[in-house]
1. Just want the answer: with Cβ charges of +1 for Lys and Arg and -1 for Asp and Glu, which residue in L55, T5, L68 is farthest toward the dipole's positive end in region 1-72?
2. If I take every Cα pair under 8 Å that is 6 or more residues apart in the chain, average their sequence separation and divide by the length, what percent do I get for the relative contact order?
3. Rg (Å, one decimal) plus Dmax (Å, integer) for the alpha carbons of region 102-267?
4. Heavy atoms only, probe 1.4 Å: what % of the accessible area of region 1-72 goes to carbon and sulfur, would you let me know?
5. Please give, to one decimal in nm, the separation of the simple spin-label points placed at L22 and L212, each 7 Å out from Cα toward the Cβ.
6. If one puts a single equal scatterer on every Cα of region 1-72 and applies the Debye formula without solvent, what log₁₀ I(q)/I(0) results at q = 0.13, 0.22 Å⁻¹?
7. How large is the accessible surface per residue of the chain, computed with a 1.4 Å probe and reported in Å² as a whole number?
8. For region 129-134, take each phi angle, set θ = phi - 60°, evaluate the Karplus expression 6.51 cos²θ - 1.76 cosθ + 1.60, and give the result in whole Hz per residue in order, putting x for glycine and proline.
Amino acid sequence: MLRYTLNRFKWAIITLWAVITLTFIIMHTIPGNPFAKEGAMPPAVYENLQTHYGLDKPLLTQYGNYLLEVVQFDFGPSLKSSSISVNDYILKGFPVSLHLGAQALVIAIFFGLILGVVASLKRNKWPDYLSMVIAIVGISVPNFILATILINYFAIKWHIFPVATWATWQHTILPSIALSMMPLAFIARLMRTSMLEVMGQDYILTAKAKGLKRSGVIIKHAIRNALLPIITILGILTANIVTGSFIIERIFGIPGMGDMFVKGISNRDYPVILGSTIVYSAVLIILIFIVDVAYTLIDPRIKVTGEKK
């Protein structure tokens, strides 16, 4: 177990380094520069800016310096707002994005599992059909379209929730729902399939033959084993929520990391793009690492090498 965990941790560090390196290379090889939007400026001013931000140094030197700063959790200054560092942006935006993403993930897991279990227990009946219709809608409709529909009806026409911004808990409901629908749909469909497979296993039939209550068989035996495929894809679903938050935060005017990332791209602000990419990647890698370790705890058949017996 310890060897497996250390091996996963090693690959998590390598993956994060690869993300940093690839993003750094892309940012410094695409045409243009961060000061292009400033309009024409005297060459001396341009050279001073390049020198001030270290952009006049060889690319390899910039890369080495940046890695040293990242190790010290220093993501440098913003090229567009010299008075604010990227760390300040992250400290301001990350809690908002974390709140939104966590809330969306909880909604997706909770309602996805309920829909999947109900659909499997009421197979080929109206609860099953209703659950799968909800799942198909969640998969088919992109979250930015769903967000506009929610705003149009629940905010503009019916005045149940605020239209946008991020202030009270009411402001978090619509963006969380829009962000959670696709992972909710995947969880519901996968849970239904997994439950139907588990309910047909011999140990379930044996438990029923021993006279155990149906609720006990479902909760203690069926749901626990049916959760394994769900846990496996949680990392992917989290990635889906994180990437989807870029658009949702822009639509709802939420001052989170997604909004910061989009503004960084439009301004060609290298430190902001790199800093937000590193934070997002680190969160994803940590979550995937936790899922991998948790999977081995739930399924003891997983060997240290990661293969099943």
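The values are calculated or read from the model by the stated rules, or taken from the named source; none is laboratory data. Because the structure is a prediction, the values reported are computed rather than measured. Heads up, the Cβs are rebuilt from the backbone with ideal geometry, glycines too, and the neighbour counts pull from every protein chain shown. Surface accessibility is based on the protein's heavy atoms, side chains included, excluding ligands, DNA and RNA. Shrake-Rupley method; radii C 1.70, N 1.55, O 1.52, S 1.80 Å.
1. About the Cα centre, the residue reaching furthest to the positive side is T5.
2. After rounding, I find 27 percent.
3. Spelled out, the Cα radius of gyration and Dmax of region 102-267 are 18.8, 67 Å.
4. 68 percent
5. Each label point is offset 7 Å from its Cα along the Cβ direction, giving 4.4 nm.
6. -0.55, -1.05
7. On a per-residue basis, 56 Å².
8. The phi angles translate into 4, 4, 4, 6, 5, 4 Hz.
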